[in-house]
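Please treat every number below as a calculation from the coordinates, not as lab data. Predicted model, so just to flag it, every value in this text is computed and none were measured. Positions of Cβ are generated from backbone atoms using ideal geometry, with glycine treated the same way; all protein chains shown enter the neighbour counts.
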Amino acid sequence: MDLVLSLHVNSCTNPQVNYLASFILAPGGEAEKAARFIQRELVQATGRPDGGVRQANFYILRETEAPAVLVEMGFLSNPQVAAQLAQNSFQEKLARAIFRGVLLYLGFDPDEPLDIQGHWAEEAIRLVRKAGIMSGYPDGTFKPDQPATRAELAVALANLILKFNLHP
């Protein structure tokens, strides 16, 4: 399924304005469905005020055949927001939230590693993840064929110790 995303930062004469919003052309369609997932993930990830899903007659929304969502990620006119938007870590947080929203819209579990389906150890990986013994990487992968480092092994073993209260 196609989906058009247009990512923006805004500006306003009032330097106090601070919210996240997702725009669609009209309610009731696939664009609204996608926008609601994206908006929820953005607000949850950032803790910023929810400007909601709004309607607008923007060119990008109007002149595409695919469902289209315009995401307003903040206001450069707000000094605190501008400083936050300049940080790589915050940009990554926004990108991950949008990615999670798109995955949810497409019917995928954003917490499920994208690279384990069909792997010979898929069920074991699902089991250790569900038990909280191991997790994937921040990029949404598990990298099942990559050798584990001693640190990763230590974390997995520590999780087992904590889970089964096996403190030395």
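Considering only the stretch 54-168, give the helices (runs of 4 or more DSSP H) lying wholly within it that have at least 1 residues that are among the hydroxyl-bearing types (Ser, Thr, Tyr), out of contact with any Lys or Arg (no Cβ under 7 Å at 6 or more places or on another chain) and closer than 20 Å to residue 43 by Cβ.
88-105
Can you tell me which condition residue 130 does not meet? The list is (1) surrounded by 11 or more Cβ atoms within 10 Å (Cβ to Cβ); (2) among the charged types (D, E, K, R); (3) closer than 30 Å to residue 34 by Cβ, and all the others hold.
Among (1) surrounded by 11 or more Cβ atoms within 10 Å (Cβ to Cβ); (2) among the charged types (D, E, K, R); (3) closer than 30 Å to residue 34 by Cβ, the lone unmet condition for residue 130 is (1).
So residue 63 ticks every box in (1) touching a Leu at 6+ places or on another chain (Cβ under 7 Å); (2) within 19 Å of residue 1 (Cα to Cα) but one. Which box is left unticked?
Tallying (1) touching a Leu at 6+ places or on another chain (Cβ under 7 Å); (2) within 19 Å of residue 1 (Cα to Cα), residue 63 fails exactly one: (1).
Give me a count of the residues in the stretch 1-18 that are in a loop (DSSP other than H, G, I, E, B) and over 17 Å from the mean Cα position of the chain (by Cα).
The number of residues fulfilling the criteria is 10.
Could you tell me whether the stretch 34-52 includes any residue that is assigned to a strand (DSSP E or B) and in contact with a Phe, Trp or Tyr (Cβ under 8 Å, 6 or more places away or on another chain)?
yes
Go through the stretch 92-141 and give me each residue that's more than 16 Å from residue 152 (Cα to Cα), without any contact (Cβ under 8 Å) to a residue 12 or more places away in the chain and hydroxyl-bearing (Ser, Thr, Tyr).
none
Counting just the residues of the stretch 41-91 that are surrounded by 12 or more Cβ atoms within 10 Å (Cβ to Cβ) and of a type in the set (Asp, Glu), which one comes out farthest from residue 14 (Cα to Cα)?
Applying the filter and picking the extreme gives 41.
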